[in-house]
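What follows is a short report on a single structure.
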Amino acid sequence: MARISLTPPRTVLNRLVSWYSRRTYGKVMEPGQAYGHNPRVLFGYLRFEQRAAKWNALDAGLKHLAVMATASRINCSWCMDFGYWEGDKMGLAPEKAEKVPVWRESREAFTELELLVMEYAEAMTETEPTVTDELAAELVSRLGEAAFVELTAMVALENLRSRVNSAFGLTSQGFSESCRVPAAR
């Protein structure tokens, strides 16, 4: 159950965000409703998300796996639910998406680079981060510096999303049900 009301004031900004969310995702997204209690935070967050969506130095599939591994490590059920749905829309195989939370036991489902990306996402998500010089150097050599910077920023952004959603008490909103992703085993 959410720890904050999901009925923010009916301001122009909140009505616009709700309309866009319904139009784009089929429902009003609960994080937007929670953020809607502080228009400056909501507006700043939305601008950041819009700009982050335009980053393109990192392969979209790798970016998505990094985001999913981060959300899984934090155990944000809202982010995992939305991530499955988003992966389905991107064409990510459901068999691969369901193995992200248990990627260490399902190594055969991923390429070596995908495994490195998920390892980096988890290492960066730890408190304190456990990123090693060797892991960072391997990713820089495989991805290039621009993509490595983007990977790092995306993992940090997903940390923000997952930690905020978890702190707000937001849980699955039913996105993954529309793409029928089975539970991880």
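The values are calculated or read from the model by the stated rules, or taken from the named source; none is laboratory data. What you see is a predicted model; the values in this text were computed from it and never measured. Note that each Cβ is placed from the backbone with ideal geometry, even for glycine, and that neighbours are counted across all protein chains shown. Please note that ligands, DNA and RNA were not included when accessible areas were found on the heavy atoms of the full protein model with its side chains. Shrake-Rupley method; radii C 1.70, N 1.55, O 1.52, S 1.80 Å.
Just one of the numbered conditions (1) charged (D, E, K, R); (2) out of contact with any Leu (no Cβ under 9 Å at 6 or more places or on another chain); (3) modelled with pLDDT under 95 is not true of residue 40: (3). Going through region 38-61 one residue at a time, which ones are closer than 27 Å to residue 113 by Cα and charged (D, E, K, R)? Passing the criteria: 49, 51, 54, 59. Being open to solvent by 30 Å² or more (accessible area, probe 1.4 Å) and in contact (Cβ under 8 Å) with a residue 60 or more places away in the chain is a condition met by at least one residue of region 28-38. Name every residue in region 106-121 that is under 26 Å from residue 161 (Cα atoms) and either in a helix (DSSP H, G or I) or of a type in the set (Val, Ile, Thr) (or both), in order of residue number. 113, 114, 115, 116, 117, 118, 119, 120, 121 - these are the residues of region 106-121 that are under 26 Å from residue 161 (Cα atoms) and either in a helix (DSSP H, G or I) or of a type in the set (Val, Ile, Thr) (or both). Here is the figure for region 14-27: residues that are of a type outside the set (D, E, K, R), surrounded by fewer than 16 Cβ atoms within 10 Å (Cβ to Cβ) and part of a helix (DSSP H, G or I) total 4. Of all residues in region 144-185, those that are out of contact with any helix residue (DSSP H, G or I) (no Cβ under 8 Å at 6 or more places or on another chain) and at pLDDT below 95 total 2. Looking across region 27-66, the residues that are touching a helix residue (DSSP H, G or I) at 6+ places or on another chain (Cβ under 8 Å) and small (Gly, Ala, Ser) come down to 32, 34, 36, 52, 57, 60, 61, 66. Report, by residue number, each residue of region 39-76 that is in contact with a Ser or Thr (Cβ under 6 Å, 6 or more places away or on another chain), open to solvent by 30 Å² or more (accessible area, probe 1.4 Å) and aliphatic (A, V, I, L, M). Hit for region 39-76 is 74, nothing else. So for region 85-101 (the condition being at pLDDT below 95, aliphatic (A, V, I, L, M), over 22 Å from residue 165 (Cα atoms) and in a helix (DSSP H, G or I)), does at least one residue qualify? Yes, some residue in region 85-101 is at pLDDT below 95, aliphatic (A, V, I, L, M), over 22 Å from residue 165 (Cα atoms) and in a helix (DSSP H, G or I). Cβ separations smaller than 8 Å between residues 6+ apart or across chains give the following pairs from region 1-24 residues that are within 17 Å of residue 38 (Cβ to Cβ) and of a type in the set (Lys, Arg) to residues that are modelled with pLDDT of 95 or more and in a loop (DSSP other than H, G, I, E, B): 3/169.
Would you point out which residue out of 88, 81 is closer than 25 Å to residue 101 by Cα and either in contact with a strand residue (DSSP E or B) (Cβ under 9 Å, 6 or more places away or on another chain) or open to solvent by 50 Å² or more (accessible area, probe 1.4 Å) (or both)?
On the way: 81 fails: either in contact with a strand residue (DSSP E or B) (Cβ under 9 Å, 6 or more places away or on another chain) or open to solvent by 50 Å² or more (accessible area, probe 1.4 Å) (or both).
Sole residue among the options that is closer than 25 Å to residue 101 by Cα and either in contact with a strand residue (DSSP E or B) (Cβ under 9 Å, 6 or more places away or on another chain) or open to solvent by 50 Å² or more (accessible area, probe 1.4 Å) (or both): 88.
Filtering region 88-107 for residues that are of a type in the set (Phe, Trp, Tyr) and within 27 Å of residue 31 (Cβ to Cβ) leaves a non-empty set.
Would you confirm whether any residue within region 168-177 is touching a residue at least 24 places away in the same chain (Cβ under 8 Å), within 30 Å of residue 3 (Cα to Cα), over 17 Å from the mean Cα position of the chain (by Cα) and in a helix (DSSP H, G or I)? Walk me through it before giving the result.
Initially, region 168-177 is screened for residues touching a residue at least 24 places away in the same chain (Cβ under 8 Å), giving 168-176.
Filter once more, so that each one left must be within 30 Å of residue 3 (Cα to Cα): 168-176.
Add one more test, that the residue is over 17 Å from the mean Cα position of the chain (by Cα), and what stays is none.
No, every residue in region 168-177 fails to be touching a residue at least 24 places away in the same chain (Cβ under 8 Å), within 30 Å of residue 3 (Cα to Cα), over 17 Å from the mean Cα position of the chain (by Cα) and in a helix (DSSP H, G or I).
Filter region 125-151 down to the residues that are more than 18 Å from residue 65 (Cβ to Cβ) and hydroxyl-bearing (Ser, Thr, Tyr), then identify the one that is most open to solvent (accessible area, probe 1.4 Å). Looking at the filtered set, the residue picked out is 127.
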